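As structure tokens, the structure follows; a few thoughts come after it.
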Amino acid sequence: MAVAALAAAACTPAEHADRGAQASGSLAPDSTHAAPAVAASADTSKKSDGPIRALYVNRWASQSHKRMAKLLATADSTEINALVIDMKDEFGLNYKSANPEFQKNAGTASVAHVGPLLDSLKAHKILPIARIVVFKDSVTARVHPEWTIRKADGSIWRDKKGIAWVNPYHRELWDYNIGVAEELVKLGFGEVQFDYIRFPEPYPSLPKQVFPDAGNLSKPDALAAYLKQAKTRLNALGVRSTADIFGLVTTVNGALEVGQDWEKLSPNLDVVLPMVYPSHYPHGELGIQNPNAEPYKVIVTAISRARERDKKLGIQQHEHIRPWLQAFTLGKPAYGAEQLEAEKKAVYDAGYDGWVMWNPGSIYDVFTPALEKTLVSRKKG
């Protein structure tokens, strides 16, 4: 299968949010590198030196006392020791920034009360991880049209849904997103997770994408340069810089047309989070006729390959790879505790202890029976 087709077949958490939310009945849209210690101001993980096992929390759940109470209760009674919370998503910022320039890009959606939210996580000894959507940012595109991807005639390029994307080559945009990350760390977040670290798909049916400021820099090199700068600045504050990538990047040689290339991105991250959702692999991919029906085989294959590639890069960090696990149903079979157990076992058998569960509505009831009561290392090798 062509690399372009592979890129189209994969999708980020936010991209499958609408379909996954519908399926779940949710109301939501939806060399060796040493990892820095979690910021002292956060001091929130159950085991600060142990693996991270997390749940995703969308913007709307983070603003609901009832929803957060339920998520915290789940964490208190299981191995979950971190929450990945939307702090900048497709709707803009999910907090009130003290920076007036950042606040211009806030959007119009309601925002979380970050102080009380972080106080609650700290009281429950849960690591707060800030998720930041970077290059699919229609809010910033409206405020700063000069930061957008263009068409050949100079007008703003838009994807199949009519959404404008900001230009991954634009350095002011880099500074804005890293600045937001720094502000969130200073508020108390103990880790930053970047999403949409990629270019939009160059579908033949759409106009050609033109990138002002690109020069001779390739797509993979532009993404790597952004992540290198982010890692340097966030490590200086004592926190990890992490990013989500397509699951297919772990097994495809070279770069996808969206710019993601394992060998370029991995060295510039403290943790890589491949989105190895079995439902997102085409039939026959990885030699598996129906990937969605074989979660163990998909994930152990993808993560083992990622580990091999890290080893060739000289990256020896124990928990450098922390995959996203499918906690939603998309097609058959329906996903529940049995499938999650298989996914977790695949991660451990591939040599890692940490993972994050993705459900676009942040509803995990059918999966909680697969969660252990305490956090215990299970990885092999």
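Each reported figure results from applying straightforward, stated rules to the coordinates on display, with no laboratory input. Treat the numbers as computed from the prediction; the structure is a model and nothing was measured. Neighbour counts run over all protein chains shown; Cβ positions are idealised from the backbone, glycine included.
Quick one: dipole size for the range 128-197, taken about the Cα centre, charges +1 on Lys/Arg Cβ and -1 on Asp/Glu Cβ, in debye to the nearest 20.
Once rounded to the nearest 20, the dipole reads 380 debye.
Using the count of nearby Cβ atoms within 10 Å as a rough guide to exposure, how do 353, 195 rank from fewest to most?
Details: 353 20, 195 26.
So the residues, fewest neighbours to most, are 353, 195.
With a ≥ b ≥ c the root eigenvalues of the C-alpha gyration tensor of the range 3-370, is it rounded (a/c under 1.5), prolate (a/b larger than b/c) or oblate?
Taking the square roots of the gyration eigenvalues as a ≥ b ≥ c, the range 3-370 is rounded.
If you average the alpha carbon positions of the range 148-225 and of the range 262-311, how far apart do those two centres end up, in angstrom?
Answer, in whole Å: 24.
Specify which residue in the list 103, 328, 342 is farthest towards the positive end of the charge dipole of the chain, using unit charges on the beta carbon of Lys, Arg (+1) and Asp, Glu (-1), about the Cα centre.
Of the options given, the answer is 342.
Rounded to whole Hz and in sequence order, give me ³J(HN,Hα) for the range 334-347 from the Karplus expression 6.51 cos²θ - 1.76 cosθ + 1.60, θ = phi - 60°, writing x for Gly and Pro.
The phi angles translate into 5, 8, x, 4, 4, 5, 5, 4, 5, 5, 4, 4, 4, 4 Hz.
Classify the range 241-362 as rounded, prolate or oblate, taking a ≥ b ≥ c as the square roots of the eigenvalues of its Cα gyration tensor: rounded when a/c is under 1.5, otherwise prolate if a/b is larger than b/c and oblate if not.
Prolate shape, in that a/c is at least 1.5 and a/b is the bigger ratio.
Which of 192, 180, 370 sits closest to the plus end of the dipole of the chain, meaning its Cα is farthest towards the positive end, when Lys and Arg get +1 and Asp and Glu get -1 on the C-beta?
Towards the positive end, the residue furthest out is 370.
Give me a comma-separated list of calculated 3J(HN,Hα) values for the range 99-107, in order, Karplus coefficients 6.51, -1.76, 1.60 applied at θ = phi - 60°, integers in Hz, x for any Gly or Pro.
Each residue of the range 99-107 in turn: 8, x, 5, 5, 5, 4, 9, 5, x Hz.
What dipole magnitude, in Debye to the nearest 20, does the range 3-370 give about its Cα centre under +1 on Lys/Arg Cβ and -1 on Asp/Glu Cβ? Walk me through the numbers on the way to the answer.
Values: 41 positive and 41 negative charges, 36 e Å.
Dipole size: approximately 180 debye.
Tell me, in nm to one decimal, what length is gained between residue 104 and residue 379 on full extension, where the rule is 0.36 nm per residue of separation less the Cα-Cα distance? Display every interim value, and only then the final one.
Numbers: separation 275, 0.36 × 275 = 99.00 nm, distance 4.48 nm.
Answer, rounded to one decimal: 94.5 nm.
Give the long-range amide H neighbours of residue 156: residues separated by 5 or more places, or on another chain, with amide H under 5 Å away, using H modelled in the peptide plane at 1.01 Å from N.
Amide H neighbours of residue 156: 151.
Collect residues whose amide H, placed 1.01 Å from N in the peptide plane, falls under 5 Å from the amide H of residue 359; neighbours closer than 5 in sequence don't count.
HN-HN under 5 Å from residue 359: 56.
Would you mind ranking 72, 269 by Cβ crowding within 10 Å, fewest neighbours first?
On the way: 72 17, 269 25.
By the 10 Å Cβ count, ascending, the order reads 72, 269.
Taking amide hydrogens as modeled 1.01 Å from N in the peptide plane, which residues meet the under 5 Å criterion relative to residue 272, leaving out close sequence neighbours?
321, 322
Could you list 329, 232 in order of exposure, starting from the residue whose Cβ has the fewest other Cβ atoms within 10 Å?
232, 329
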